[in-house]
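Only one structure is covered here, and it is reproduced in the block below.
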Amino acid sequence: MNDSAVLLNPRSVRDSQSEMAEIVLPNDANPLGALLGGRLMHWIDLAGAMAAHRHSRHYVVTASIDHLDFLVPVRVGDLVILRSSVNRVFRTSMEVGVKVWVENYISDSSHHVSSAYLTYVAVDREGCRLPVPAVVPEDDEEQRRYEDAGRRREIRRTELERRRHRMR
Ligand SMILES: CC(C)(COP(=O)(O)OP(=O)(O)OC[C@H]1O[C@@H](n2cnc3c(N)ncnc32)[C@H](O)[C@@H]1OP(=O)(O)O)[C@@H](O)C(=O)NCCC(=O)NCCS
């Protein structure tokens, strides 16, 4: 097998799952001491890119971020945990799910803050798109995410077409 064939060997979800942690500092917050939504979006993008890089072993660019809800406020001093995993690979793109938790170590509590689906495209140094190895779901949860990712891709494509049509 040549090098490029080896690079395209399917990989498990587990192999590229990533976790990132941030302590919310005053510079991350608004004047009321609550985490800025934009800062959390930045961390979500980084956490998602970690899994995409690890899985594809290439540079990646963010093609899209789906809808985001912020379910609970996050305060200065809280610990934010972001977990990411590759849900499904298409050809040069992959959907990554990022789930965000907030932990308060004083009250020993943990809450779900947000979930996001991002699409990354693998590229080389010149920005040319590259094929990505398949991801292999290994349990029921990974299988469910894999199938849901297929449905979300169809919705994204339809929406993108509609937007392009409107812009013409
Ligand atoms: C993302 C990008 C590479 C796609 O380029 P393109 O010319 O539309 O390429 P294609 O139509 O051939 O699509 C390539 C892949 O991206 C996917 N894609 C393109 N636009 C997408 C979008 N808005 N949402 C999700 N997937 C998208 C396609 O479905 C295709 O996936 P596949 O190969 O797995 O089937 C290009 O739009 C780009 O470079 N955008 C800027 C990225 C960027 O700067 N991000 C922010 C900073 S990192």
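Observations on the model:
- Qualifying positions in segment 113-165 - out of contact with any Phe, Trp or Tyr (no Cβ under 6 Å at 6 or more places or on another chain) and of a type in the set (Ser, Thr, Tyr): Ser115, Tyr117, Thr119, Tyr120, Tyr146, Thr158
- A single entry from Arg156, Arg144, Arg152 fulfils the requirement of being in contact (Cβ under 8 Å) with a residue 40 or more places away in the chain and out of contact with any Ser or Thr (no Cβ under 8 Å at 6 or more places or on another chain): Arg152.
- Residue match in segment 1-8 (condition: crowded, with 22+ Cβ neighbours inside 10 Å, touching a residue at least 40 places away in the same chain (Cβ under 8 Å), on the phi < 0 side of the Ramachandran plot and out of contact with any His (no Cβ under 8 Å at 6 or more places or on another chain)): no
- Single residue of segment 48-60 satisfying the filter (out of contact with any Asp or Glu (no Cβ under 8 Å at 6 or more places or on another chain) and part of a helix (DSSP H, G or I)) that is nearest to the ligand (Cβ to nearest atom): Ala49
- Of all residues in segment 77-109 being of a type in the set (Gly, Ala, Ser), farther than 15 Å from Glu22 by Cβ and modelled with pLDDT of 95 or more, the one that is surrounded by the most Cβ atoms within 10 Å (Cβ to Cβ): Ser85
- Conditions (1) under 26 Å from Tyr146 (Cα atoms); (2) at pLDDT 95 or above; number of the one not met by Leu7: (2)
The values are calculated or read from the model by the stated rules, or taken from the named source; none is laboratory data. Nothing here was measured: the structure is a model prediction, and the numbers come from that model. Heads up, the Cβs are rebuilt from the backbone with ideal geometry, glycines too, and the neighbour counts pull from every protein chain shown.
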